[in-house]
Amino acid sequence: MARCAVFASGNGSNFLHIQESLHRDPVHQLACLVCDRPDAPVVQRALRGGTPVLPLVYQRDAAGKLDRRTAERGVIPLLQRLQVDCLVFAGFMRLITPTLLNAFPDRILNIHPSLLPRHPGARGLADSIASDDQQLGITIHLVDEGMDTGPVICQQSFTRVSGAAPEQEEQQIHELEHTTYPRVIREFLDTLSG
Ligand code: GAR
């Protein structure tokens, strides 16, 4: 058995699919949601699903710089108390520091709505749809200190149909995320529980 924590910042459609998939899993468990925005819809989705929510509180230091290390140091002991084996980022829009990376080495997954290394960053979905790329898709990768730069675990793609509406392509990308990420997470948890 292995346990994961999902980190998310916003809507939580991926979170919902992960939550459902792990509720049905006979072995692995979703320990909690970690969220940096108390008003994000994902918080209510977690609470309705019976998943505990841990806040991740970012503050600015005296120089006005976002203090990511202190926020991470605050949540790590809580994750350890919940016996979390790995972290799953699902629309978590923050970079992390070595503090969190070293607490979960090679145990942090992220999903990104483009075929990395194309279109990294917070506008990855919009940038890939606005591009001339013939293939669109998603990437699931291990997290490192960079922005959407860690080793790729899985990519899924589709060929664009000429004249497709951007909304339709956006939906295709999200559907790929929702069907692929829960499966890859369960496979990753399998490898952790040996
Ligand atoms: C997803 O499309 C995810 O791939 C993306 O945020 C969206 C969250 O949607 N993540 C990134 O862009 C990370 N760089 P959701 O809140 O409905 O799951």
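Do we find a residue being small (Gly, Ala, Ser) and surrounded by 18 or more Cβ atoms within 10 Å (Cβ to Cβ) anywhere in region 140-160? Yes, some residue in region 140-160 is small (Gly, Ala, Ser) and surrounded by 18 or more Cβ atoms within 10 Å (Cβ to Cβ).
When every residue of region 158-178 is checked against the conditions, none turns out to be β-branched (Val, Ile, Thr), out of contact with any Phe, Trp or Tyr (no Cβ under 9 Å at 6 or more places or on another chain) and under 26 Å from Arg37 (Cβ atoms).
Taken over region 137-152, residues that are within 12 Å of the ligand (Cβ to nearest atom) and either under 21 Å from Ile185 (Cβ atoms) or modelled with pLDDT of 95 or more (or both) amount to 9. Within region 1-60, if we keep just the residues that are under 15 Å from the mean Cα position of the chain (by Cα), crowded, with 17+ Cβ neighbours inside 10 Å and assigned to a loop (DSSP other than H, G, I, E, B), the residue that is farthest from the ligand (Cβ to nearest atom) turns out to be Leu56. Each residue in region 100-136 was checked for being assigned to a helix (DSSP H, G or I) and more than 12 Å from the ligand (Cβ to nearest atom), and 5 of them qualify. Taking the criterion of being within 16 Å of the ligand (Cβ to nearest atom) and under 21 Å from Leu30 (Cβ atoms), the residues of region 70-99 that qualify are Leu87, Val88, Phe89, Ala90, Gly91, Phe92, Met93, Arg94, Ile96.
Among the residues of this structure, Gln155 does not count as one that is assigned to a helix (DSSP H, G or I), over 14 Å from the mean Cα position of the chain (by Cα) and either at pLDDT 95 or above or of a type in the set (Gly, Ala, Ser) (or both). Looking at Arg186, Arg160, just one residue is over 26 Å from Ser21 (Cβ atoms) and away from the ligand (no atom under 11 Å from the Cβ), and that residue is Arg160. Checked against the criterion of being closer than 23 Å to Thr149 by Cβ and either at pLDDT below 95 or in contact with a Cys (Cβ under 8 Å, 6 or more places away or on another chain) (or both), the candidates Leu66, Leu54, Leu82 yield just one match: Leu66.
The values are calculated or read from the model by the stated rules, or taken from the named source; none is laboratory data. Not measured: the values here are computed from a predicted model. We place every Cβ from the backbone using ideal geometry, glycine too, and count neighbours over all the protein chains shown.
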